[in-house]
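Asks: Before I ask anything, here is the structure I am working with.
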Amino acid sequence: KEICDENLMGNRTMCPVCDNELSCKSWKLSDSCLYSKISYIIDNPLTVFYSIFMSIWAVLFIEFWKRKQYELQFEWDVIDFEKKNEPLRPDFENQVKRTRRNRITGEEELYVPPLTKFYRYILSVSMILLMMFLVLALVMGFILYRLSFIVAFPKDTDPNIVNLTTSISAGCINLFLIVLLNRFYSWLAVKLNDFELHPTDSKYEKALTIKMYLFEFVNYYASIFYIAFFKGKFKESKLIEKCDQSGCLSELCIQLAIIMIGKQIFNNIQEVLYPIVQNCLTKLTSSNKWHKNDHIQDWLKDYYLISWTNLTLFAEYLEMVIQYGFITIFAVAFPLGPLFSLMNNVIEIRIDAFKILTQYKRPLPKKAQDIGMWHRILSTISNLAVITNGLILAFTSDFIPRLVYKYSYENDPNHNNLKGYVEFTLSLDKHNSNGIEAECYYKDFRKPYDSESPYEYTSVFYHILAARVIFLVIFEHFVFSMVAVMHWIPDVPSIVQEKIDAENLIIQHALWESLPERVVSDQGKFTDNNLESRILIKDI
């Protein structure tokens, strides 16, 4: 109300967003009314409870997935499945020619010297770090783009239009570059993985999973982390990109919505069109006339469809894990994220059904005990979500400054309103307007320009900083305490455990009945102290 009403604080003159007098002008606080309303939808007292709920939900999701996974393991009889004597990858056998004698089996086996492994891993890690720094460089490019875009607007343009247009255009360009870089990262990750000479498929897939997720994590989340934790925090820097008077949370919401929803739409369109186009091209370029015959057998039609590979399934895992990160790591910034994810997943299931059943060859079944490295990644994301949501609440939102003002600086003894809070958050500065020095305000807790120590932080800043840190510690300890309680949920459902115990009992009885009579005592129990009995039991 104070921001939007010009009779209260809305007529305050705010400092220009850049130092270019010709392009940037001062503006009225009431110009920030729209962004303030958007921000309050996200940044309000209920956000704290929503953040706690989402943090606990993320952990419960992992715990209940463990239980569901164990049910599937029992149903498919892979509880005790282990990849013993896993065969070597054909590519590994083709590339490695050096051999050595195995100390255990005494047989000759392919061998990669430790020094060779070391330099290959060093080169691979160096390339991964280089690509991550490339993404960070793109984030710096977006900062320059935003500043340049703001300067390019005519001086008399409505600030709301400038801010909204800048945020949406930057988000769309960022999404385009993310999609473009994903193609390059996928190709590079496979090449680096091949270069590392992994002997088995399980080690190869584990290394590829880590590389791809690191690439995707930095690619999708870098700009979001910048807006959430760094934008507008360094006033002394020459390369300053300021947040709106209402804070950075509204812009963070817009950026997150564009990237998340845009990614979902693009992926769904791609998953529908790519296999159709690829199969059409195969028909057009094929030398056979099979596609012109309407009575051709189905098996021959299936033969010319796209092959299903491990990377096809890998992409599905990666898509879901990235989406899981959006709705947990930044739950506070975009509360509607889970709703859009649910809608996307409903559509995604039908698209995958169409794609797998009609456009791809039948996948070859492959036994697995669990989802492998993806489970560790999901657990890491759940723990990271607690930290990031706590940091966003403490340092990005206005929740703590409002709380401090309400109970420490507000004149109302009942603490029923926030009257005077906007003025409490403003600091005094000056700017050059048509050759005349004029006073203006900006959002911060600093001393006025005409004080003995201008632009230094006031005692209020340190009071709020202490409150932020205390809140962060309490929030994370509370949530992690709840998480520790959730970990007590047994991984194996009681019904499954009873069935496992029943099967073990049947196997044990069958083992007893199959033993020779001399191994069993008169009471029908094993004579474990007899060496011959133990040897026979072990053999069986």
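Each value in this text was obtained by applying a stated rule to the coordinates, not by laboratory testing. Keep in mind it's a predicted model, so treat the numbers as computed, not measured. Ideal geometry is used to build each Cβ from the backbone, glycine not excepted, and the neighbour counts take in all protein chains shown.
Asks: Could I have the simple spin-label model distance between Ser408 and Asp201, label points 7 Å from Cα toward Cβ, reported in nm to one decimal?
Replies: Distance between the two pseudo-spin positions: 6.0 nm.
Asks: Beta carbons within 10 angstrom, averaged per residue: use that to sort the peptides 350-360, 166-176, highest first. Kindly include the intermediate steps, with their values, before the conclusion.
Replies: Values: 350-360: 14.1, 166-176: 17.9.
In descending order of packing, they fall as 166-176, 350-360.
Asks: Right, another one. Please give the Cα centre distance for the range 307-355 versus the range 51-72, rounded to the nearest Å.
Replies: The distance from the Cα centre of the range 307-355 to that of the range 51-72 comes to 17 Å.
Asks: Using label points projected 7 Å from each Cα along Cα→Cβ, tell me how many nm separate Lys447 and Tyr303, to one decimal.
Replies: With each label placed 7 Å out from Cα toward Cβ, I get 8.5 nm.
Asks: Arranged from highest to lowest average of other beta-carbon atoms within 10 Å per residue, in what order do the peptides 443-455, 199-211 appear?
Replies: Details: 443-455: 13.9, 199-211: 18.0.
Ranked from most to least packed, the peptides come out as 199-211, 443-455.
Asks: State, in angstrom, two size descriptors of the range 90-199 derived from its alpha carbons: Rg to one decimal place and Dmax to the nearest whole number.
Replies: 24.2, 83
Asks: Still on this structure: Cβ under 14 Å from Asp450's Cβ, Asp450 left aside: what net charge do those residues give with Lys, Arg +1 and Asp, Glu -1? Please list the in-between numbers first.
Replies: Details: positive: Lys430, Arg446, Lys447; negative: Asp429, Glu437, Glu439, Glu452, Glu456.
That sum, taken over residues with Cβ under 14 Å, equals -2.
Asks: Another question, if that's okay. Per 0.36 nm of contour for each residue apart, how much would the distance between Gln369 and Leu134 grow if the chain were fully extended, relative to their Cα-Cα spacing?
Replies: Working: separation 235, 0.36 × 235 = 84.60 nm, distance 3.69 nm.
Fully extending the segment from Gln369 to Leu134 adds 80.9 nm.
Asks: Now for a separate question. Which peptide among 273-285, 314-326 comes first, and what is the full order, when sorted by highest mean count of other Cβ atoms within 10 Å? Could you put the intermediate results ahead of the total?
Replies: Values: 273-285: 12.2, 314-326: 19.1.
Those peptides, ordered most packed to least, come out 314-326, 273-285.
Asks: Got a sec? Charge dipole of the range 90-199, +1 on Cβ for Lys and Arg, -1 for Asp and Glu; which of Ala189, Leu175, Leu123 is way out at the positive end?
Replies: Leu123
Asks: If you take every residue apart from His487 with its C-beta less than 14 Å away from the C-beta of His487, what net charge results, scoring Lys and Arg +1 and Asp and Glu -1? The partial results should precede the final answer.
Replies: On the way: positive: Lys66, Arg67; negative: Glu63, Asp491.
Around His487, the surrounding residues sum to 0.
Asks: Here's a follow-up. Could you tally the net charge around Tyr304, taking each other residue with its Cβ under 11 Å from the Cβ of Tyr304, Lys/Arg +1 and Asp/Glu -1? Write down the numbers at each step before the final one.
Replies: Working: positive: Lys283, Lys301, Lys361; negative: Asp302.
The answer is +2.
Asks: Based on the Cβ-Cβ distance of His487 and Leu72, what FRET efficiency does E = 1/(1 + (r/R0)^6) give at R0 = 22 Å, to the nearest 0.05?
Replies: Working: r = 21 Å, r/R0 = 0.95.
Working from the Cβ atoms, E equals 0.55.
Asks: Per the Kirkwood definition applied to all pairs of different Cα atoms, how many angstroms is the hydrodynamic radius of the range 335-409?
Replies: Values: mean 1/r = 0.0585 Å⁻¹.
For the range 335-409, the Kirkwood estimate is 17.1 Å.
Asks: How much length, in nm to one decimal, is gained on full extension between Val346 and Val272, taken as 0.36 nm per residue of separation minus their Cα-Cα distance?
Replies: Details: separation 74, 0.36 × 74 = 26.64 nm, distance 1.48 nm.
The span from Val346 to Val272 would gain 25.2 nm if fully extended.
Asks: Mind giving me the FRET efficiency for Lys117 and Leu384? R0 is 41 Å, r the Cβ-Cβ distance, nearest 0.05 is fine. Working shown, then result.
Replies: Values: r = 30 Å, r/R0 = 0.73.
According to the calculation, E is roughly 0.85.
Asks: Based on alpha-carbon centroids, what's the gap between the range 369-387 and the range 433-499 in Å, whole number please?
Replies: The range 369-387 and the range 433-499 have Cα centres spaced 25 Å from each other.
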